[in-house]
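Below: the structure, in structure tokens.
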Amino acid sequence: MDTTDALAGATVVTDPDRLRSLVGEPAPQAARKVRTRLEDVDREWIALSPFCLVATAAADGSCDVSPKGDPAGLALVLDDTTLALPERPGNRRVDGFLNVLANPHVGLLFLLPGRTDTLRVNGLASVVSDAPWFDRMVVKGHLPLLALVVQVEQVFYHCGKAFLRSQLWEPETWQPDAVPSRARIAKRFERSDQPLEEIERYYGAAYTERLYR
């Protein structure tokens, strides 16, 4: 099914006024919660957050969302309007970084395990290959390969309704084995020329030993 088929018979909203008539106006507290600087509580949150989603868009509008993870304190707050996210070894696609080179606007979503609210930061990003503060982002003896420096334009907290609806942090709802393993997915889409046993060894216990190499 292509987009045309999916929209057959659908009522498509194309007008901002129509959208607002359906959704309604935001509550005053929601409308005014956006800030332009990081406060103490934001710094505390970021210092404890081990996981962040980074949203970027290319010059043509195509989008990417990339997960970033490290021990708590993943991002480094440089001052009240600047933070840095380290880049660790990965698949070398650098989709988000390529987007930033063409369009510096980024959106960040910082998570705290067990918390249903999240911290959102929007701003303008630069890709940095070295800086005096890189040694403050060393993990297991490894400097980051690059860093994404974000000049904060908007910062605010997002309510927990999505996490509550999804029951994300409730282990009894988890079904990690309901879909094929990472090795089997890789065999189908990425490593079809390799034996499954070899791929399973790659994603086995030694995989975590290579996270920073």
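The values are calculated or read from the model by the stated rules, or taken from the named source; none is laboratory data. Computed from a predicted structure; not experimentally measured. FYI the Cβ positions are ideal-geometry reconstructions off the backbone, even for glycines, and counts take in every protein chain you see. Protein only, heavy atoms only, side chains kept; ligands, DNA and RNA dropped before computing areas. Shrake-Rupley method; radii C 1.70, N 1.55, O 1.52, S 1.80 Å.
If only one of 120, 184, 115, 165 is modelled with pLDDT of 95 or more, touching a His at 6+ places or on another chain (Cβ under 9 Å) and among the basic types (Lys, Arg), which one is it?
Numbers: 184 fails: touching a His at 6+ places or on another chain (Cβ under 9 Å); 115 fails: touching a His at 6+ places or on another chain (Cβ under 9 Å); 165 fails: touching a His at 6+ places or on another chain (Cβ under 9 Å).
120 is the lone residue from the list that is modelled with pLDDT of 95 or more, touching a His at 6+ places or on another chain (Cβ under 9 Å) and among the basic types (Lys, Arg).
Just a yes or no: is a residue in the range 82-98 surrounded by 13 or more Cβ atoms within 10 Å (Cβ to Cβ), in a loop (DSSP other than H, G, I, E, B) and either touching a Pro at 6+ places or on another chain (Cβ under 9 Å) or not hydroxyl-bearing (Ser, Thr, Tyr) (or both)? Steps first, please.
If we filter the range 82-98 for residues that are surrounded by 13 or more Cβ atoms within 10 Å (Cβ to Cβ), which is where we start, we get 82-88, 94-98.
Right, trim to in a loop (DSSP other than H, G, I, E, B) and you get 88, 94.
So of that shortlist, the ones also either touching a Pro at 6+ places or on another chain (Cβ under 9 Å) or not hydroxyl-bearing (Ser, Thr, Tyr) (or both) come out as 88, 94.
Within the range 82-98, one or more residues are surrounded by 13 or more Cβ atoms within 10 Å (Cβ to Cβ), in a loop (DSSP other than H, G, I, E, B) and either touching a Pro at 6+ places or on another chain (Cβ under 9 Å) or not hydroxyl-bearing (Ser, Thr, Tyr) (or both).
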Restricted to the range 40-78 and to residues being without any contact (Cβ under 8 Å) to a residue 12 or more places away in the chain and more than 30 Å from residue 93 (Cβ to Cβ), the residue least open to solvent (accessible area, probe 1.4 Å) is 41
Residues in the range 48-71: is at least one modelled with pLDDT under 95 and among the hydrophobic types (A, V, I, L, M, F, W, C)? no
Given the conditions (1) under 24 Å from residue 208 (Cβ atoms); (2) open to solvent by 50 Å² or more (accessible area, probe 1.4 Å); (3) of a type in the set (Gly, Ala, Ser), every one holds for residue 21 apart from (1)
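Taking the criterion of being among the aromatic types (Phe, Trp, Tyr) and out of contact with any Pro (no Cβ under 7 Å at 6 or more places or on another chain), would at least one residue in the range 134-142 satisfy it?
Quick first cut of the range 134-142, residues among the aromatic types (Phe, Trp, Tyr) only: 134.
Among the residues that remain, those that are also out of contact with any Pro (no Cβ under 7 Å at 6 or more places or on another chain) are: none.
Among the residues of the range 134-142, not one is among the aromatic types (Phe, Trp, Tyr) and out of contact with any Pro (no Cβ under 7 Å at 6 or more places or on another chain), which makes the answer no.
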Collect the residues in the range 165-202 that are open to solvent by less than 70 Å² (accessible area, probe 1.4 Å), farther than 30 Å from residue 116 by Cα and either in contact with a Gly (Cβ under 6 Å, 6 or more places away or on another chain) or in a loop (DSSP other than H, G, I, E, B) (or both), keeping them in residue-number order. 191, 194, 195
Restricting the range 72-112 to residues that are in contact with a helix residue (DSSP H, G or I) (Cβ under 6 Å, 6 or more places away or on another chain) and farther than 24 Å from residue 162 by Cβ, which is modelled with the lowest pLDDT? 73
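Could you tell me whether residue 162 is small (Gly, Ala, Ser) and surrounded by fewer than 14 Cβ atoms within 10 Å (Cβ to Cβ)?
Details: small (Gly, Ala, Ser): yes; surrounded by fewer than 14 Cβ atoms within 10 Å (Cβ to Cβ): yes.
So residue 162 passes the test.
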